[in-house]
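Everything on this sheet refers to the single structure shown next.
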Amino acid sequence: QVQLVESGGGLVQAGGSLRLSCAASGSTFSSYVMGWFRQAPGKEREFVAGIRWNVGSTYYADSVRGRFTISRDYAKKTFYLQMNSLKPEDTAVYYCAADRAGFSIATMSPDYWGQGTQVTVSL
């Protein structure tokens, strides 16, 4: 059974940085797309960034491109979201996710979710 366990998150001032981690288990993930989503209060969950597990290709939402970087450690089965130049509008609960079929990074459709971690960016 696939499990995703997140770590990281917290409170940071605007302009600061945070790194989220997601440890995956239960599969080889060779065909998977892994990604990060976020949900702010009163808003729908939205895609942030994704990575194709076997080759490392990536895709980002326009709102974070150039500030956030998704990466993975193939051997550790862990992927990351490095968030730089954080803005108050980045405040949300962040979820890591896994799409088993992996047809598209940009429109990934997760089958599995992490538990979520709060990221709060203050002025």
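The values are calculated or read from the model by the stated rules, or taken from the named source; none is laboratory data. Every value quoted in this text rests on a predicted model; they were computed, and no experiment measured them. Using ideal geometry, Cβ is built from the backbone for each residue, glycine included, and neighbour counts are taken over all protein chains shown. Note: accessible area is taken over every heavy atom of the protein model, side chains too, but ligands, DNA and RNA are not part of it. Shrake-Rupley method; radii C 1.70, N 1.55, O 1.52, S 1.80 Å.
Results, tabulated for the structure shown:
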item	result
Accessible area per residue in Å² at 1.4 Å probe, computed on the chain	50 Å²
Gap separating the Cα centres of the stretch 69-123 and the stretch 30-58, nearest whole Å	5 Å
Solvent-accessible area, 1.4 Å probe, carbon plus sulfur percent, for the chain	49 percent
Along principal axes, Cα extents of the stretch 1-82, largest first, whole Å	37, 24, 22
Principal axes of the stretch 27-123: Cα extent on each, largest first, Å	41, 24, 23
Amide H contacts of Gly116 (H built 1.01 Å from N, under 5 Å, at least 5 apart or other chain)	Glu6, Cys96
³J(HN,Hα) computed for each position of the stretch 73-81 - Karplus, 6.51 cos²θ - 1.76 cosθ + 1.60, integer Hz, glycine/proline x	10, 4, 5, 8, 6, 10, 10, 10, 10
Rel. contact order, % - alpha carbon contacts under 8 angstrom, at least six apart, the stretch 30-123	31 percent
Per-peptide average of other Cβ atoms within 10 Å, ordering 43-50, 99-106 highest first	43-50, 99-106
